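**Student:** This is the structure, below, for whatever I ask next.
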Amino acid sequence: MSMNKGLIASIIFAAGVFAFFVLVLPEFTSINNARAALKTRQALIEEKNAELKKVTELNKQYKIRQADIDKIIVFMPEQKRIDQIVSSIQQIASQAGLSLAEITTAGSAETGEAAGYKKMVIGFNVVGQYPSFLNFLKLLEQNLRLYDIFEIDASLTTSGADGAQNLVNFSVKLNTYYLQ
Amino acid sequence: MVWSLVFVFLVMGFYLGLMFYKNSILSSLTQADEQLAALEKSRDKNLEQKLLNLKGQLSVVGPLISSHLFWSQGLSKIQSLVQPQVQFKSVNASSTAAKIVFQATAANYTTVAKQIAAFYADDSITDIVLNKASSLPTGRVDFTMQLMFDLNKFLVKSIKLPEQTKELPEQTKELKELPAETLLEQWARELKEGVAEAEKKIIEPVVGKVKELPPLVLRFGRFLFSTGSGIFDKIRSKLIPISL
């Protein structure tokens, strides 16, 4: 009887050991994993909260400096904004007393991608007199959107009605930039 | 037997405790996921993109402005160097090649030479090539010329002071701050004062001594100084009013 009792006790103890290894230990591993995952998520939440706070703060600054930022956006637009280029060149030409004869646009093979912007080549012909062209260049250089002229061709064209004033055909190529 | 049962109950109790703990962690994990999803939802991606774009724009503004080219400045410089008897027929200017090629006519070859000399006088022009010069039936000279220029001096407006000017000694700084006109005026005044001083110290005593000489010696002296110049002229001018 006492031998049966000892055997039963041993079986119960073995069942307890078995339960420890089969049930308790895997639970431990699972809990550790869950705790690690929770820790990661909490860090992520903190990071996201900090980022959101930063964005809110930057947005406040953005709104305060809106006028300056608008100028920067015109200077370096996010897109090509060819409409803006055509209208500004036309406006400057007419302001300087030149007539815009032709305008072409093309993407440049050489881009400033490493610098964070793209170049666009604009070519156009204007007809008029040299002093007007000089004035045109000054206005173009003062324009808020940056135009960097890299080539100018000038040649005499038709004579004026009185024959005294020669008109000059100016062919200009320039680089303008936009954000990539 | 009792101890075995106690052990089994302890194992089971521990297991149940771990189950509850795991459930609470999983519940926290679900909450964290929900919170993350809510945060993700609350992000204004347009605003973030706008801010990122601004960051990109700000980083390129400085370098682009510092290398901005001013052709009005370059052409005005050429215009100021062109001789009056030179007429341009065509011009091709390129900043990528840092070169201006032009065809023009001049009154004669001397004017062409003068034109080249005028271009050489400007330090922003680094080299000149006269491609061709030929006489026209009208008597004028037709020529084609290439001007190579220093891009930074010719087209870029930003003026960079050399490093050492930042650490000029105090006195030099004062001198630098003084307008050029004032300096010239100062030098002119000092020169005038120097001449007056020299006149007072050298000429006047000589004139005084001469006045004391006998008439015959004075006549000889007049002859001696009649062809003189410089300081003798000064002495002579003082002597002329003296009655001999």
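Rule-based calculations on the coordinates, nothing more; no lab input. Please read these numbers as outputs of a predicted model, since none were measured by experiment. Cβ atoms come from the backbone with ideal geometry, glycine included; neighbour counts cover every protein chain shown.
**Student:** Tell me the net charge near B:LYS45. Cut-off is 14 Å between Cβ atoms, B:LYS45 excluded, with +1 for each Lys or Arg and -1 for each Asp or Glu. Let's see the in-between values first.
**Tutor:** Values: positive: A:LYS48, B:LYS41, B:ARG43, B:LYS50; negative: A:GLU51, B:GLU40, B:ASP44, B:GLU48.
So the surrounding residues net to 0.
**Student:** To continue, here is another question. Quick query: amide H of B:SER90 versus all other amide H atoms, modeled in the peptide plane; which residues come in under 5 Å with a sequence gap of 5 or more or a different chain?
**Tutor:** B:GLN103
**Student:** Compute the separation of the alpha-carbon centres of segment A:116-154 and segment B:106-131 and state it in Å as a whole number.
**Tutor:** Cα centroid to Cα centroid, the span is 27 Å.
**Student:** Taking chain A as the reference, fit the longest principal axis to its C-alpha atoms, fit the long axis of helix A:25-64 to the helix C-alpha atoms, and give the angle between the two in degrees, 0 to 90, nearest 10.
**Tutor:** Tilt of helix A:25-64: around 20 degrees.
**Student:** Here is a follow-up. Taking every residue in A:20-28, how many Cβ atoms of other protein chains lie within 10 Å of its Cβ, on average? Intermediate values should be presented prior to the final figure.
**Tutor:** On the way: counts 7, 1, 1, 7, 7, 2, 1, 8, 3.
Mean shielding count: 4.
**Student:** From the square roots a ≥ b ≥ c of the eigenvalues of the alpha-carbon gyration tensor of segment A:1-64, which class results: rounded (a/c under 1.5), prolate (a/b over b/c), or oblate? Write out the running numbers ahead of the final one.
**Tutor:** Working: a/c = 15.14, a/b = 9.59, b/c = 1.58.
Since a/c reaches 1.5 and a/b is larger than b/c, the shape of segment A:1-64 is classed as prolate.
**Student:** On C-alpha positions alone, give me the angle between the axis of helix A:66-75 and the longest principal axis of chain A, in degrees, nearest 10.
**Tutor:** 70 degrees
**Student:** Right, next: Along the positive direction of the dipole of segment A:1-64 (beta-carbon charges: Lys, Arg +1; Asp, Glu -1; about the Cα centre), which of A:VAL55, A:PRO26, A:ALA14 reaches farthest?
**Tutor:** A:VAL55
**Student:** So, one more: For segment A:1-64, with only Lys/Arg (+1) and Asp/Glu (-1) charged at the beta-carbon, what is the dipole magnitude about the Cα centre, in debye rounded to 20? Working shown, then result.
**Tutor:** Details: 9 positive and 5 negative charges, 58 e Å.
The dipole of segment A:1-64 has a size of about 280 debye.
**Student:** How far, in degrees from 0 to 90, does helix A:130-142 lean away from the longest principal axis of the Cα atoms of chain A, to the nearest 10?
**Tutor:** In chain A, helix A:130-142 runs at an angle near 20 degrees to the longest axis.
**Student:** Pick out, from B:VAL61, B:LEU26, B:VAL2, the residue whose Cα sits farthest towards the positive end of the charge dipole of segment B:1-69, with +1 on the Cβ of Lys and Arg and -1 on the Cβ of Asp and Glu.
**Tutor:** It is B:VAL61.
**Student:** Which FRET efficiency value, to the nearest 0.05, is calculated for B:THR30 and A:LYS54 with the Förster distance at 22 angstrom and r the Cβ-Cβ distance? Each step should come with its number before you reach the end.
**Tutor:** Values: r = 27 Å, r/R0 = 1.25.
The value I calculate is 0.20.
**Student:** Once every DSSP H run of n ≥ 4 in chain A is given -39500 (n - 2.57) and the sum is divided by its residues, what mean residue ellipticity at 222 nm do you get, rounded to the nearest 500 deg cm²/dmol? Could the numbers behind the result be given before it?
**Tutor:** Details: 5 runs with 96 residues, N = 180.
It lands at -18000 deg cm²/dmol.
**Student:** Springs between alpha-carbon atoms under 10 Å, Gaussian network over chain A: tell me which of A:THR157, A:THR56, A:THR40 tops the mean-square fluctuations.
**Tutor:** Looking only at A:THR157, A:THR56, A:THR40, the biggest GNM fluctuation is shown by A:THR40.
**Student:** Something else now. Considering only Cα-Cα distances, which of the following residue pairs are longer than 30 Å: A:LYS63/A:LYS118; A:LYS119/B:LYS77; A:LYS39/B:LYS55?
**Tutor:** Working: A:LYS63/A:LYS118 27 Å; A:LYS119/B:LYS77 28 Å; A:LYS39/B:LYS55 32 Å.
Violating the 30 Å limit, Cα to Cα: A:LYS39/B:LYS55.
**Student:** Counting other C-beta atoms within 10 Å, which of B:VAL129, B:VAL11 has the fewest, and how do the rest follow? The partial results should precede the final answer.
**Tutor:** On the way: B:VAL129 12, B:VAL11 19.
So the ranking, lowest neighbour count to highest, is B:VAL129, B:VAL11.
**Student:** Within segment A:119-134, what residues put their amide N at less than 15 Å from the label point 7 Å along the Cα-to-Cβ vector of B:GLN103?
**Tutor:** Answer for this model: none.
**Student:** Among B:THR138, B:THR96, B:THR126, rank each residue by its count of other Cβ atoms within 10 Å, from fewest to most, as a rough exposure measure. If you can, show how the numbers build up before the last one.
**Tutor:** Values: B:THR138 8, B:THR96 11, B:THR126 15.
Lowest to highest Cβ neighbour count: B:THR138, B:THR96, B:THR126.
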